[in-house]
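The structure appears below as structure tokens.
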Amino acid sequence: MAMMSGTHYQSYLEAEILSADALRLVKIVYQVLLDTVLSARTHLQAGQIAERSAAISKAVALLQELATSLNHESGGEISRNLVELYDYMQRQLLRANTEQSDAPLAEVHRLLGTLLEAWQTLAEPSTVETAALPAGSYDEPATYRSVSYSF
């Protein structure tokens, strides 16, 4: 995505969200999370405490939204594993904030990158186990329920 001003980025993101299917929404949330963690790392390096804390709080909230949107009935083990991973990442983010340390932020950034890459490799919905699909995106049962996100 080309560099956009804050207002243009917000408009672009809103248009993307409104037109996206559930699979695309998960990818968008992961990308926003990656950008937010990167922002927290940048603020940490610059000594911008309030901005770092705000970025970390936003990332924690987004992870919580992902965790609460999981459909455990049809998600099974994948759903449980994602909840545990999201919880771990939230704890790492809070640790990074209290210790003012980059290592936990770097780890969360790496984990989110791996998750986003996994979602991006889902070329055909029929090749994915039913537990890995966002709710309502296809005819199969899903791991995620529909939720609304605000960025």
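The number of residues in the range 52-94 that are buried (at least 16 other Cβ atoms within 10 Å of the Cβ) and among the basic types (Lys, Arg) comes to 2. Annotation note: Cβ proximity below 8 Å between a residue of the range 76-102 that is more than 23 Å from Ala40 (Cα to Cα) and a residue that is in a helix (DSSP H, G or I) (sequence gap 6+ or interchain) occurs for Gly76/Ala131; Glu77/Ala131; Ile78/Ala131; Ile78/Ala132; Ser79/His72; Ser79/Ala131; Arg80/His72.
Name every residue in the range 32-48 that is free of Cβ contacts under 8 Å to residues at least 24 places away in the same chain and part of a helix (DSSP H, G or I), in order of residue number. So that I can check it myself, show each step before the final result.
Here is the first cut: in the range 32-48, the ones free of Cβ contacts under 8 Å to residues at least 24 places away in the same chain are 35, 39, 42-43, 46-48.
Of everything in the range 32-48, those that are free of Cβ contacts under 8 Å to residues at least 24 places away in the same chain and part of a helix (DSSP H, G or I) turn out to be Asp35, Ser39, Thr42, His43, Ala46.
When the range 42-69 is filtered for residues that are charged (D, E, K, R) and over 22 Å from Trp119 (Cβ atoms), the ones remaining, listed by number, are Glu51, Arg52.
Inside the range 49-78, residues that are modelled with pLDDT under 95 and part of a helix (DSSP H, G or I) make up a count of 11.
Kindly indicate whether Gly6 is surrounded by 18 or more Cβ atoms within 10 Å (Cβ to Cβ) and at pLDDT below 95. Considered against the rule, which asks whether it is surrounded by 18 or more Cβ atoms within 10 Å (Cβ to Cβ) and at pLDDT below 95, Gly6 comes out as no.
Out of the residues in the range 21-48 that are of a type in the set (A, V, I, L, M) and more than 24 Å from Thr98 (Cα to Cα), which is modelled with the lowest pLDDT? Break it down stepwise before answering.
Let us first name the residues in the range 21-48 that are of a type in the set (A, V, I, L, M), namely 22-23, 25-26, 28-29, 32-34, 37-38, 40, 44, 46.
Then keep just the ones that are more than 24 Å from Thr98 (Cα to Cα); that gives 22-23, 25-26, 28-29.
On the way: Ala22: 74, Leu23: 79, Leu25: 84, Val26: 85, Ile28: 88, Val29: 92.
So the residue we want is Ala22.
For the range 109-123, filtering for residues that are surrounded by 18 or more Cβ atoms within 10 Å (Cβ to Cβ) and not hydrophobic (A, V, I, L, M, F, W, C) leaves 1.
Could we say that Ala103 is in a helix (DSSP H, G or I) and out of contact with any Leu (no Cβ under 8 Å at 6 or more places or on another chain) here? When the stated conditions are applied, Ala103 passes them.
The values are calculated or read from the model by the stated rules, or taken from the named source; none is laboratory data. Quantities reported herein were computed from a predicted structural model and do not represent experimental measurements. Neighbour counts run over all protein chains shown; Cβ positions are idealised from the backbone, glycine included.
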